[in-house]
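Okay, so here's the structure we're looking at.
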Amino acid sequence: DAGVIQSPRHEVTEMGQEVTLRCKPISGHNSLFWYRQTMMRGLELLIYFNNNVPIDDSGMPEDRFSAKMPNASFSTLKIQPSEPRDSAVYFCASSDMWTANMNTEAFFGQGTRLTVV
Amino acid sequence: AQSVTQPDIHITVSEGASLELRCNYSYGATPYLFWYVQSPGQGLQLLLKYFSGDTLVQGIKGFEAEFKRSQSSFNLRKPSVHWSDAAEYFCAVGSYNTDKLIFGTGTRLQVFP
């Protein structure tokens, strides 16, 4: 397996534009996580899905952020409209569910570095 | 609620010296504990994990960690640090009854020759 694949690796956009980040989890994994990494806040969990269903989105900063997982092999994180303070590295990770396989681990993608100017 | 504290933001050690990175967690149920490493510009790679059993766990790259329930700690250790160990290290906590995985703020390790 190629691991968790995120695209794009880098995104530069102007304030007010819509940004869509994409993630392909590892095949067979049924948990998917979106994290945001900044110098100030470290790694923040934004949302996670089990079996394509959003379980906890309490970390999503505000209504400008939305995430979807239409099927087991694809997820998106959308920011509309984007603002400069959204600039960060966004990571996607996937794993088995602990409740199904307690010996699992989360595998991370390479991240998307987002810059909003 | 789950939380993880890494009290040391930045640690500097000499190559060959021993290393201990601290991690304290807060969770009411039995925790699953992880250490990840992140090299500059890269994603996170798992070093080791603890679910149950032996409280001293061995990981990759010569790292080990010890789970101490009485202290709510899961400190990462390495007896002799190499220059290639310079990176950021993250402690994380999960649990059997939730798939939420929460990370600490990280400790940046700098290694001097």
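Readers should treat all values here as calculations from the given coordinates under stated rules, not as data from a laboratory. Computed from a predicted structure; not experimentally measured. Here the Cβ positions follow ideal geometry from the backbone for every residue, glycine too, while neighbour counts run over all protein chains shown.
Tabulated results
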{"quantity": "Percent of beta bridges antiparallel (DSSP, the protein assembly as shown, rounded to nearest 5)", "calculated": "90"}
{"quantity": "Size of the protein assembly as shown as Cα extents on the principal axes (Å, biggest first)", "calculated": "49, 41, 33"}
{"quantity": "Longest site-free stretch - chain A; sites: GluC sites (Glu not before Pro), DSSP loop, at most 15 other Cβ within 10 Å", "calculated": "A:63-117"}
{"quantity": "Peptide B:37-43 - average C-beta neighbours from other chains (10 Å radius)", "calculated": "4"}
{"quantity": "Relative contact order (%) - chain B, alpha-carbon pairs under 8 angstrom, separation at least six", "calculated": "38"}
{"quantity": "The range A:15-117: trypsin sites (Lys or Arg not before Pro) in DSSP coil with no more than 16 other Cβ atoms inside 10 Å", "calculated": "A:Arg41, A:Arg64"}
{"quantity": "Low-density loop cleavage sites - chymotrypsin sites (Phe, Trp or Tyr not before Pro) in the range B:38-113, where at most 15 other Cβ are within 10 Å (DSSP)", "calculated": "B:Tyr96"}
{"quantity": "Per-residue HN-Hα couplings for the range B:12-17 [Karplus 6.51, -1.76, 1.60; θ = phi - 60°; Hz; x = Gly/Pro]", "calculated": "10, 9, 8, 4, x, 6"}
{"quantity": "Equivalent ellipsoid, the range A:1-62 (semi-axes from 5 times Cα gyration tensor eigenvalues, Å)", "calculated": "21, 17, 12"}
{"quantity": "Sorted by Cβ density within 10 Å, fewest first, the residues B:Val37, A:Val12", "calculated": "A:Val12, B:Val37"}
{"quantity": "Rg ratio (alpha-carbon, reference 2.2 N^0.38 Å) - chain B", "calculated": "1.02"}
{"quantity": "Per residue convex hull volume, Cα atoms of the range A:1-106, in Å³", "calculated": "104"}
{"quantity": "Point-to-point label distance, A:Arg41-A:Arg22, nm (Cα→Cβ direction, 7 Å offset)", "calculated": "2.6"}
{"quantity": "For the range B:1-71, with +1 on Lys and Arg beta carbons and -1 on Asp and Glu, the positive-most of B:Gly59, B:Ser14, B:Asn24 along the dipole", "calculated": "B:Asn24"}
{"quantity": "Qualifying GluC sites (Glu not before Pro) for the range B:1-95 [loop in DSSP, other Cβ within 10 Å: at most 15]", "calculated": "B:Glu15"}
{"quantity": "Fraction of beta bridges assigned by DSSP in the range A:4-117 that are antiparallel (%, nearest 5)", "calculated": "90"}
{"quantity": "At R0 = 30 Å, FRET efficiency that the Cβ-Cβ distance of B:Glu66 and B:Ile9 yields, to 0.05", "calculated": "0.85"}
{"quantity": "Chain A - percent relative contact order, Cα under 8 Å, separation 6 or more", "calculated": "36"}
{"quantity": "Estimated distance in nm for a label pair at A:Val12 and A:Gln80, the labels positioned 7 Å out from Cα along Cα-to-Cβ", "calculated": "2.5"}
{"quantity": "Long-range HN-HN contacts of A:Met97 with modeled amide H, under 5 Å", "calculated": "A:Asn30, A:Ser31"}
